[in-house]
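Everything below concerns the one structure shown next.
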Amino acid sequence: MSTSDKLFRQAQEIIPGGVNSPVRAWRAVDGTPRFIQRGRGCRVVDADGKEYIDYIGSWGPLIAGHAHPQVVRALEDAVKRGTSFGAPTAKEIELARLVVDAVPAVDTVRLTSSGTEATMTALRIARGYTERTKIIKFAGCYHGHTDALLVRAGSGALTLSLPDSKGVPEAFASQTLIAEYNNLASVEAQLSANPDTVAAIIIEPVPGNMGVVLPDPNFLAELRRLTVEAGVVLIFDEVMSGFRLARGGAQELYGIDPDLSCFGKVIGGGLPLAAVGGRRDIMDCLAPLGPVYQAGTLSGNPLAVTAGIETLKLMNAPGAYARLNELGSRLAEGLRRAIRDAGVQACVNQLGSMITVFFGVEQVRDYTSAVSCDTAMFARYFHGMLERGMYLPPSQFEAAFVSLAHGEAEIDETVFAATQVMQQLGS
Ligand SMILES: *Cc1c(COP(=O)(O)O)cnc(C)c1O
């Protein structure tokens, strides 16, 4: 029995399912999740000493790689000065400044400890600001695990076929209206069926939580136009895409100014940190300025803020995003070649450092096409890659991430492994 097997048994006795977040249990691909003992750069080492090239990157935060020396040094320094004060610190201003400078649509920003808190807060602000109650979300988009947003959610909820969680009162879920991604008519239909009652539309501008899906040309711009017309707050949930697709996130790439934006993952550099930000008049609804309450004992935690600042500084280096795009394209092209040569039915969706291989379909552009994928074939691909030292997300409905710590050599090694696995799947 491997050390991971033993640890997983122990964990299952005292932690529900042995994990502290469901997708880590590998239910969608079977097998024992690897317990990780350490990581450096683009590699992680499991409890049995086996090394992998990592494409999870802690599910997004580690865009600079594991244990980046600059991040580690700053954290060592910070930890000696105390880990939490529950009082403001100068470093919070520094991080807020990095966000405000990078994202033109963000005038002010409030820090939280998780992406879930950020989106929850964004909805509360939107409801307080508009004095309306309903929200529209898109099928397959995941925005964290608050009640209102666990309706037709992606990611773990999709993996486990639990699109609607038990424990969410119907009265809450009924305030959440669903539209289809890349389908403007579905948004228009919800807006006209619910006149003057929709507070917000929340969207992953480039969804990563049903696997990576790209917006059709003009889809996001049209959404912006519709929300302005209807007096609806447009919330871009850039917890995954923010500071990843570009310094200014998906909103920079597509030239859209949402009213509110949520960040997480990358802005915490691997520590618990997220943020909600946006237009000053809307953000001013937040306590202590306004009537919308929000708080957090560890919000703006000095260690988390330190890791975030150092990570964003690394991403501010000239050419950082061009480099990520290059590596992402190289991987996508290699995978497409492997798929073609093996005659496997699959497609690759990639934007910058976000990438998903979907099996059994010609293209994926929304929730319906995502869930029609061949998840059994994905599981075989996953295990084939794992055997060859490639640590991919253990679900069809997740994005794999390339980091600045990956190099051409690792990408080519990965493509080589994928070529072998695809040949097996195709034969
Ligand atoms: C990860 C994620 C969240 C939730 O963030 P947590 O820190 O896990 O609570 C919300 N929205 C999107 C788009 C995400 O990818």
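Computed from the coordinates by the stated procedures, all read-outs in this text should not be read as laboratory data. Since the structure is predicted, the reported quantities are computational estimates derived from the model, not experimental observations. So basically every Cβ, Gly included, is an ideal-geometry build from the backbone, and we count neighbours across all protein chains shown.
A few remarks follow.
- Rg/Rh for the chain (Cα atoms only, Rh after Kirkwood) is 0.95.
- Derived scalar couplings ³J(HN,Hα) [segment 395-401; Karplus, 6.51 cos²θ - 1.76 cosθ + 1.60; whole Hz; x for Gly, Pro]: 7, 4, 9, 9, 8, 8, 10
- Annotation: amide H-H contacts under 5 Å for Val364 (H modelled 1.01 Å from N, sequence separation of 5 or more, or interchain): none.
- Projecting the Cα atoms of Ala102, Tyr55, Phe8 onto the dipole axis of segment 7-104, where Lys and Arg carry +1 and Asp and Glu carry -1 at the beta carbon, places Phe8 farthest toward the positive end.
- Most mobile of Ala246, Ala307, Ala189 in a GNM of the chain (Cα contacts under 10 Å): Ala189
- Cα shape, segment 253-317, gyration tensor, a/c 1.5 rule: oblate
- Karplus 3J(HN,Hα) series, Hz, for segment 71-86 with 6.51 cos²θ - 1.76 cosθ + 1.60 (x for Gly, Pro): 6, 4, 4, 5, 5, 4, 4, 5, 5, 5, 8, x, 9, 6, 10, x
- Most mobile of Leu245, Leu75, Leu289 in a GNM of the chain (Cα contacts under 10 Å): Leu289
- Amide H to amide H distances under 5 Å link Val233 with Ala200, Ile201, where only residues 5 or more positions off or on other chains count and H is placed in the peptide plane.
- Charge dipole (Cα centre; +1 on Lys/Arg Cβ, -1 on Asp/Glu Cβ; no other charges) of the chain amounts to roughly 740 debye.
- Mean-square fluctuations from a GNM of the chain, with a 10 angstrom spring cutoff on Cα atoms, peak among Ala173, Ala295, Ala87 at Ala87.
- Unit charges on C-beta of K, R, D, E only; dipole of segment 1-90, Debye: 160 debye
- Beta bridge orientation in segment 1-95: antiparallel %, DSSP, nearest 5: 100 percent
- Amide H to amide H, with H built 1.01 Å from N, Glu398 comes under 5 Å of Gly211, counting only residues 5 or more places away or on other chains.
- At most 14 other Cβ within 10 Å, DSSP loop - GluC sites (Glu not before Pro), segment 48-109: none
- Zero-based 5 Å bins, Cα pair distances in segment 305-427, whole percents: 2, 11, 20, 23, 18, 11, 7, 5, 2, 0, 0
- Among 34-41, 377-384, 16-23, sorting by the average number of other beta carbon atoms lying within 10 angstrom of each residue, highest first, gives 377-384, 34-41, 16-23.
- Looking at the chain alone, DSSP beta bridges between its own residues are antiparallel in about 60 percent of cases.
- Backbone HN-Hα couplings from phi across segment 127-140 [Karplus 6.51/-1.76/1.60, Hz, Gly and Pro as x]: 5, x, 5, 8, 6, 10, 10, 7, 9, 10, 10, 9, 4, x
- Semi-axes of the equivalent ellipsoid for segment 69-315, computed as √(5λ) from the eigenvalues of its C-alpha gyration tensor and ordered from largest down, come to 30, 18, 18 Å.
- The separation of segment 290-321 from segment 86-136, counted between C-alpha centres, amounts to 11 Å.
- The chymotrypsin sites (Phe, Trp or Tyr not before Pro) of segment 58-163 that meet both conditions, a loop assignment by DSSP and at most 14 other Cβ atoms within 10 Å of the site Cβ, are Phe85.
- Counting DSSP beta bridges with both ends in segment 69-315, the antiparallel % (nearest 5): 35 percent
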